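Got a structure here, written out as structure tokens. Questions coming.
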Amino acid sequence: MNIVVLRGALSSDPVDRPLASGSTIWNLEVSTRTPDGTFSVPVAWLDPPHPPRVAAGDDVVVVGQVRRRFFRAGGITQSRTEVVATAVVPAKRTAEVRKAIARARNALADDAVVAA
């Protein structure tokens, strides 16, 4: 199963982009620090239940899946690996963070039961 829990600071304000389908995608950049340095992780959130309540510099927790998508740009095929979010929560909202992580944990448990 492909589940990601990512915590870091937003590098910039979320940007919304309407799609031709009528959906909206929010793009975020989350910077995480590890012993090996700081890394920027692109995050896409499709049709969130509400606009993100976060801004550049905010510490957030993202729950989602890693996906690689392919697209054509400038006449060539390109790809991008990103986290597709199911939840983006300000890290200071600990109860909401716990709920989002619990949903991911339950999805892992449900997948383990199906696989058994």
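The values are calculated or read from the model by the stated rules, or taken from the named source; none is laboratory data. Bear in mind that the values here come from a model prediction, so they are computed numbers and not experimental data. As a convention, Cβ positions derive from the backbone with ideal geometry for all residues, glycine included, and neighbour counts pool all protein chains shown.
Return the residue satisfying two criteria in turn: it lies in segment 75-93 and is out of contact with any helix residue (DSSP H, G or I) (no Cβ under 9 Å at 6 or more places or on another chain) and polar (S, T, N, Q), and of such residues it is nearest to residue 104 (Cα to Cα).
81
For segment 1-12, what are the residues that are surrounded by 15 or more Cβ atoms within 10 Å (Cβ to Cβ) and in a loop (DSSP other than H, G, I, E, B)?
3, 11
Using beta carbons and a limit of 8 Å, which pairs, at least six apart or on different chains, have the first residue in segment 95-109 and more than 16 Å from residue 7 (Cβ to Cβ) and the second one modelled with pLDDT under 90?
That search, which allows pairs on different chains as well, returns 107/1; 108/1.
To continue, here is another question. What number goes with the only condition from (1) assigned to a helix (DSSP H, G or I); (2) at pLDDT 95 or above; (3) among the basic types (Lys, Arg) that residue 103 does not pass?
Result: residue 103 passes all but (2).
Across segment 13-42, which residue is surrounded by the most Cβ atoms within 10 Å (Cβ to Cβ) among those that are charged (D, E, K, R) and within 17 Å of residue 56 (Cβ to Cβ)?
Here the residue is 29.
Name every residue in segment 80-96 that is within 20 Å of residue 47 (Cα to Cα), touching an Asp or Glu at 6+ places or on another chain (Cβ under 7 Å) and aliphatic (A, V, I, L, M), in order of residue number.
89
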